[in-house]
Amino acid sequence: MSPGSVRTKGEHAFALCEPGILHADLDAFYASVEQRDDPRLRGRPVIVGAGVVLAASYEAKACGVRTAMGGARARRLCADAAVVSPRMSAYADASKDVFRVFEETAPVVEGLSIDEAFLDVRGLERVTGTPTEIAARLRREVRERVGLPITVGVARTKFLAKVASAVAKPDGLLVVPLGGELEFLHPLPIERLWGVGEVMARKLREAGMVTVGDVAQVPEAALSTLLGRAAGRHIHALAHNRDPRRVRSGRRRRSIGSQRALGRGPRSRADLDAYLIGIVDRLGRRLRAAQRVCRTVVLRLRFADFSRATRSHTLPEATARTQTILTTARELLAASLPMIERRGITLIGISLGNLDDDSFIQLALPIGPARTVALDATLDDIRERFGSDAVMRAVLLGRDRGLSPPLLPD
């Protein structure tokens, strides 16, 4: 029976060979919101953010502008671009409107970020249509109700649905039929595999692997020798479209993070410490608001040559105390300063991992001061009532504290 055909049995008809997972991803989200809200920007190259590019419209991307690029370089590449300041509240409102459409479309929605989600539409053929029909309607409703372009990939697995949406951008719809999955996947470059960054791609290319199909022909044991056991197993499975993960709604985050793009100018140790303090203050407040604790602190750095490095430390006990997290982050930064001084720095970030609900935290004996807990709670309450700038550390006064982008609920 051909793909997409329908078999009838008794009074029940059901579609065969229809993939049922959608990956919906808004196109150039921040820039698209700006073009939606200001008709003068439509059809023009748009750059969101002056110092560092937060987003670029597809017209700007055609000139070579990329997210996280320095603003001066972006303006040189695209001299006629309109540069606009970010409006985080507008992006948060647009995200809520889009997710409302998602939730009306599918019973199970798994948000990945404020501008993308997986939707499981299997079993809805007799209710709202085939997955392909649902995807087309979803795109139409987001455009009509929210005014934004969105790309949708449809496939049997989450991995392939995300790949399909990336290939279909911008403003497209791509369905990968059952039986044609490897035919679609294998000609794609190795960078389409989740987890393949610059370093891993270089290793694979040096070993003669350029496409996903090349990777699929290599035994798992050989990939494990080249990349490490876990990475080799992961890449081998994806190259064969093996991804058993289900779409799950209401999943709690396993980590949270925040970062600050710094541009390409020199930064003193005091500057870096101030950026670190601002990031940790935000993350600590966010952690406690979600009633969660962390055990692992990760420092993320990007250097002037666009290479990256991470440093991490796992604490003996889970915590949500700002001071404990900050002390750990400062130790990681201090150990990284020689590398920063040699290579320059363009981005600093912190991630908090090994998250758990604070109800599961092991109660420690009350040895040592408990004032930091009370201080965190008091500051959280003041900022909740009067705004995040109602009280701040003296070292942050007069400094640009950076932007706080909208986030999915924790």
In segment 44-55, anything open to solvent by 30 Å² or more (accessible area, probe 1.4 Å) and either at pLDDT below 95 or under 17 Å from Arg76 (Cβ atoms) (or both) is listed as Ala50, Gly51, Leu54
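Considering only residues that are assigned to a strand (DSSP E or B) and either among the charged types (D, E, K, R) or farther than 28 Å from Val33 by Cβ (or both), which ones fall in segment 104-159?
First, the residues of segment 104-159 that are assigned to a strand (DSSP E or B): 108-113, 116-120, 150-155.
Within segment 104-159, Glu110, Glu116, Asp120 meet the criteria.
Yes/no per residue for (1) assigned to a strand (DSSP E or B); (2) open to solvent by less than 20 Å² (accessible area, probe 1.4 Å); (3) touching a residue at least 24 places away in the same chain (Cβ under 8 Å); (4) in contact with a Gly (Cβ under 6 Å, 6 or more places away or on another chain):
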{"residue": "Thr324", "(1), (2), (3), (4)": "no, no, yes, no"}
{"residue": "Glu331", "(1), (2), (3), (4)": "no, no, no, no"}
{"residue": "Ala335", "(1), (2), (3), (4)": "no, no, yes, no"}
{"residue": "Ile345", "(1), (2), (3), (4)": "no, yes, yes, no"}
Within segment 65-84, is even one residue of a type in the set (S, T, N, Q), out of contact with any Gly (no Cβ under 7 Å at 6 or more places or on another chain), within 23 Å of Lys162 (Cβ to Cβ) and at pLDDT 95 or above? no
Limited to segment 130-145, what total is found for residues that are open to solvent by 10 Å² or more (accessible area, probe 1.4 Å) and over 15 Å from Leu174 (Cα atoms)? 4
Could you tell me which numbered condition Gln259 fails, if it satisfies all but one of (1) of a type in the set (S, T, N, Q); (2) at pLDDT below 95; (3) open to solvent by less than 70 Å² (accessible area, probe 1.4 Å)? (3)
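Does Ala72 satisfy the condition of being open to solvent by 10 Å² or more (accessible area, probe 1.4 Å), hydrophobic (A, V, I, L, M, F, W, C), touching a residue at least 12 places away in the same chain (Cβ under 8 Å) and in a helix (DSSP H, G or I)?
Details: open to solvent by 10 Å² or more (accessible area, probe 1.4 Å): yes; hydrophobic (A, V, I, L, M, F, W, C): yes; touching a residue at least 12 places away in the same chain (Cβ under 8 Å): no; in a helix (DSSP H, G or I): yes.
It is false that Ala72 is open to solvent by 10 Å² or more (accessible area, probe 1.4 Å), hydrophobic (A, V, I, L, M, F, W, C), touching a residue at least 12 places away in the same chain (Cβ under 8 Å) and in a helix (DSSP H, G or I).
One line per residue, one yes/no per condition, for (1) under 30 Å from Ile21 (Cα atoms); (2) under 21 Å from the mean Cα position of the chain (by Cα); (3) touching a residue at least 24 places away in the same chain (Cβ under 8 Å); (4) in a helix (DSSP H, G or I):
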site: Leu238; (1), (2), (3), (4): yes, yes, yes, yes
site: Asp243; (1), (2), (3), (4): yes, yes, yes, no
site: Gly250; (1), (2), (3), (4): yes, yes, no, no
site: Ser258; (1), (2), (3), (4): yes, yes, yes, no
site: Ala274; (1), (2), (3), (4): no, no, yes, yes
site: Leu299; (1), (2), (3), (4): no, yes, yes, no
The lone exception for Arg295 - which of (1) under 14 Å from Asp356 (Cα atoms); (2) outside any strand (DSSP E or B) it fails: (2)
Leu226 passes all but one of the listed conditions (1) out of contact with any Leu (no Cβ under 9 Å at 6 or more places or on another chain); (2) farther than 30 Å from Arg73 by Cβ; (3) in a helix (DSSP H, G or I); (4) modelled with pLDDT under 95; the exception is number (1)
Any residue at all in segment 179-199 that's within 30 Å of Arg42 (Cα to Cα) and in contact (Cβ under 8 Å) with a residue 60 or more places away in the chain? no
Residue that is least open to solvent (accessible area, probe 1.4 Å) [pool: residues in segment 23-43 that are touching an Asp or Glu at 6+ places or on another chain (Cβ under 8 Å) and assigned to a loop (DSSP other than H, G, I, E, B)]: Asp27
Filter segment 198-218 down to residues that are in contact with a helix residue (DSSP H, G or I) (Cβ under 8 Å, 6 or more places away or on another chain) and part of a loop (DSSP other than H, G, I, E, B) and give me whichever is surrounded by the most Cβ atoms within 10 Å (Cβ to Cβ). Met209
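For segment 205-219, check the following and say yes or no: at least one residue is among the polar types (S, T, N, Q) and within 25 Å of the chain's Cα centre (by Cα).
Keep residues of segment 205-219 that are among the polar types (S, T, N, Q), which gives 211, 217.
With within 25 Å of the chain's Cα centre (by Cα) added as a condition, the list becomes 211.
For segment 205-219, residues among the polar types (S, T, N, Q) and within 25 Å of the chain's Cα centre (by Cα): present.
The values are calculated or read from the model by the stated rules, or taken from the named source; none is laboratory data. Predicted model, so just to flag it, every value in this text is computed and none were measured. Don't worry about glycine lacking a Cβ; one is built from the backbone with ideal geometry, like all the others, and counts go over all protein chains shown. The accessibility values were calculated without ligands, DNA or RNA, using every heavy atom of the protein model including side chains. Shrake-Rupley method; radii C 1.70, N 1.55, O 1.52, S 1.80 Å.
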